[in-house]
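Working notes, beginning with the structure itself.
The values are calculated or read from the model by the stated rules, or taken from the named source; none is laboratory data. Note that the structure is a prediction, hence the values are computed from the model and not measured. Please note: Cβ atoms are built from the backbone with ideal geometry, for glycine as well, and neighbour counts cover all protein chains shown. These accessible areas exclude ligands, DNA and RNA; they are computed on the full protein's heavy atoms, side chains included. Shrake-Rupley method; radii C 1.70, N 1.55, O 1.52, S 1.80 Å.
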Amino acid sequence: GNAPSRPTDSNMIPQTFTPPKAAAVIDAPKVAFDYEKRVVMIPMRDGTKLYTVIVVPKGVKNAPMLLTRTCYNAAARAHAARDPKAALMAASTGRSAAAPFPAPGRGAVKPDAPHMIDELNLSDEVYVRDGYIRVYQDVRGKYGSEGAYLMTPPPVGPWNPTGADDTMDAYDTIDWLVKNTPESNGRVGMTGSSYEGFTVVMALLHPHPALKAAVPESPMVDGWMGDDWFQYGAFRQPNLDYFISQTTARGAGVRVSREGRDEYTNFLKMGSAGDMARAMGEEQLPFWKMVEAHPAYDAYWQSQALDKLIAKTDLTVPTMWLQGLWDQEDMYGANHSYAAWEPKDTNNNMNFLVMGPWFHSQVNREGHQLGPLIWDTDTTATYLQNVQLPFFNQYLREGAPKADTPPVYIYNTGEDHWDKFAKWPLSCESGCDATAKPMYLQAGGKLGFDAPKSSGEKFDEFVSDPAKPVPFSPRPYTGENWRTWLVTDQRFVDGRPDVMTYTTDLLKEPVRVSGVPKVNLVASTSGTDSDWVVKLIDVFPDGHAEAMGGYELPIALDIFRGRYRTSFEKPEALKSNEALTYKWDMPNVNHVFQPGHRIMVQVQSSLFPLYDRNPQKFVPNIFNAKPADYERATQRIYHEGPRASFISLPVVPVTATP
Ligand code: PG9
């Protein structure tokens, strides 16, 4: 189209880089009151040098090292220095205030803090107090590191011809660190969230022997199934900005301005996600071109799905997989990787799962609150102190006591406390201690454990109009509530004619769910393609004086692109007006619906502008759908005996609660 041409850094394609001849240390070490900061260029096997910041507590000996590999500027990650106001707050609350994120980089006029605890991130506090050496490194091609940047590069192979990947780079880095850090005891742990979590998982595919423990936090594992780029085939449009910010410059990339304040309007005006991408000038970005060329779950995505690669890797490094229960970016990777390794954890002492009541990466911030939900304790502080630190200590310190690490540690979001389990899930359709129970969508907007009768109303009908998609967040959507949109009160769409709502009576007994709710939706469309969105909601008692009176809190929420009903790899047109079954797994839940609450399910056919619109007419590639392809469709949700729609709820008897 007529997109402006965008200057791009050449770091997206392999390039020749002349490495500086100088010694590894590129900066004089900065010495503060109680720490020393070394900035070194660590050589990889191909000669490329990676920018690495090593923060060493003064006078430390035999210390463990904790490594994070990042695409978000290692200098800034190791210089989250909190301002004096925050330090004052810390003194009064006992915990430092969260560092601003992204933390200001070195360019910002900001002196190094005199004390290591204030220099580093909030989530590093427990490690600083415990005398760890903290290491941050830029991945190749970003910020201070040499080399070419491929975003979330697949392992070396057909989709990554550069000869380098984050498995090798982690290996070489750890090798260098243990040989060149005299204060260390030769043991390294790795952690980091999201993209940084991806680098942890990559390191686990061929771990250096000195890598003794790992905590991948909300790792990006399968970008198509449910982490970051797509969700069961529906494209997450805000990524268009991420592609640009990550891949147009070695440092922080440009931001594209928008005409209007409301992203709903901005995206709707533009047409398909491809049209938006083209308007933003993304044809010049190799990553966008790959995404556009691979809308389905083909070999490109399958071969880089890290949970599949983890399943083929020996479990030799004790690993704690972590994610948020309301993780709006990487809801898929941690629990699927945990599940992939579980069969190899024969003594149940190597593979761990943690899920906190958190938005994406909240583990690295204050954990008292998520949107309107206020927890009894600072859930991130308690987790880091009581679980993550002892876990790392057990493996990274000689002679450390064995940590009492629960195999599974999940927040109970209905009872407001952590649960410790021996395994996960507690309830499923077969093979678990408890058996999941179908909760049926019934006529008259009812929801219940009784199967609908064949004689009743057969379906509910609504019109899904791509010109008026259902918003995922109240408008104007400006991005401000990105971190908390998953806990948005769903009354803002409940009652729209294109949102079907099903509700139980007031619960007399608590209903506990611990596992993966599975959708079994029987639905038809008058079109030939369709998206389906299902939300599992806890409806709070409707007290007038209650701050959350009547709140419709989503516990699990997901979208499924209909064309992938029978195969993720080979999409198929849907047969118009035929009742078809759509099955998919929702995100994990560990919740108790309390007496006086109600359980609700909502069904709709769009979640915009978070996900691109389905034209509702089958086209080969939705990225390139034309305005005329977008068609209104009449949708039916069946709730008749043989064609019953239900959610298989992982119900656990409440008496069995540990
Ligand atoms: N969720 C972000 C991301 C990870 C990997 C790829 C793209 C985006 C992140 O928080 O890093």
Out of (1) at positive phi; (2) away from the ligand (no atom under 16 Å from the Cβ), the one G192 does not meet is (2)
Any residue in the range 307-317 that is more than 25 Å from M202 (Cβ to Cβ), modelled with pLDDT of 95 or more, surrounded by 20 or more Cβ atoms within 10 Å (Cβ to Cβ) and more than 15 Å from the ligand (Cβ to nearest atom)?
no
Wholly enclosed strands (runs of 3 or more DSSP E) of the range 425-511 bearing at least 1 residues surrounded by 19 or more Cβ atoms within 10 Å (Cβ to Cβ) and small (G, A, S):
459-464
Just a yes or no: is a residue in the range 392-401 acidic (D, E) and farther than 18 Å from G189 by Cβ?
no
What are the pairs with Cβ atoms under 6 angstrom where one residue, in the range 228-245, is over 15 Å from K289 (Cα atoms) and the other, located anywhere, is within 10 Å of the ligand (Cβ to nearest atom)? Sequence gap at least six, or different chains.
D228/M220; D228/E329
Evaluate the following for M350: is it surrounded by fewer than 21 Cβ atoms within 10 Å (Cβ to Cβ) and closer than 26 Å to T167 by Cα?
yes
Can you give me the number of residues within the range 128-164 that are open to solvent by less than 10 Å² (accessible area, probe 1.4 Å), farther than 30 Å from E398 by Cα and among the charged types (D, E, K, R)?
2
Consider the range 357-388. How many of its residues are away from the ligand (no atom under 16 Å from the Cβ), small (G, A, S) and either in contact with a strand residue (DSSP E or B) (Cβ under 7 Å, 6 or more places away or on another chain) or open to solvent by less than 10 Å² (accessible area, probe 1.4 Å) (or both)?
1
In this structure, does L240 turn out to be in contact with a helix residue (DSSP H, G or I) (Cβ under 6 Å, 6 or more places away or on another chain), part of a helix (DSSP H, G or I) and either at pLDDT 95 or above or of a type in the set (V, I, T) (or both)?
yes
Mind listing whichever residues of the range 188-232 are within 20 Å of L325 (Cβ to Cβ) and part of a loop (DSSP other than H, G, I, E, B)?
S194, S218, P219, M220, V221, D222, M225, G226, D228, Y232
What number goes with the only condition from (1) away from the ligand (no atom under 16 Å from the Cβ); (2) open to solvent by 10 Å² or more (accessible area, probe 1.4 Å) that A213 does not pass?
(2)
So which residues in the range 406-417 are aromatic (F, W, Y) and either touching a residue at least 60 places away in the same chain (Cβ under 8 Å) or surrounded by fewer than 22 Cβ atoms within 10 Å (Cβ to Cβ) (or both), if there are any at all?
Y411
Need the failing condition index for K179 against (1) open to solvent by 20 Å² or more (accessible area, probe 1.4 Å); (2) more than 28 Å from D124 (Cβ to Cβ); (3) away from the ligand (no atom under 16 Å from the Cβ), just the number.
(2)
Per the list (1) farther than 29 Å from A628 by Cα; (2) within 16 Å of the ligand (Cβ to nearest atom); (3) open to solvent by 10 Å² or more (accessible area, probe 1.4 Å), residue check on V254 breaks on (2)
Top-ranked residue of the range 278-296 - restricted to ones that are more than 16 Å from the ligand (Cβ to nearest atom) and open to solvent by less than 20 Å² (accessible area, probe 1.4 Å), ranked as farthest from Y72 (Cα to Cα)
A296
Could you name every one of the helices (runs of 4 or more DSSP H) located completely within the range 250-347 that has at least 1 residues being of a type in the set (F, W, Y)?
263-270, 286-293, 299-304, 333-341
Please enumerate the residues belonging to the range 620-641 that are part of a loop (DSSP other than H, G, I, E, B), open to solvent by 10 Å² or more (accessible area, probe 1.4 Å) and modelled with pLDDT of 95 or more.
P620, N621, K626, Y630, E631, R632
Of the residues in the range 318-336, how many are within 16 Å of the ligand (Cβ to nearest atom) and over 19 Å from the mean Cα position of the chain (by Cα)?
0
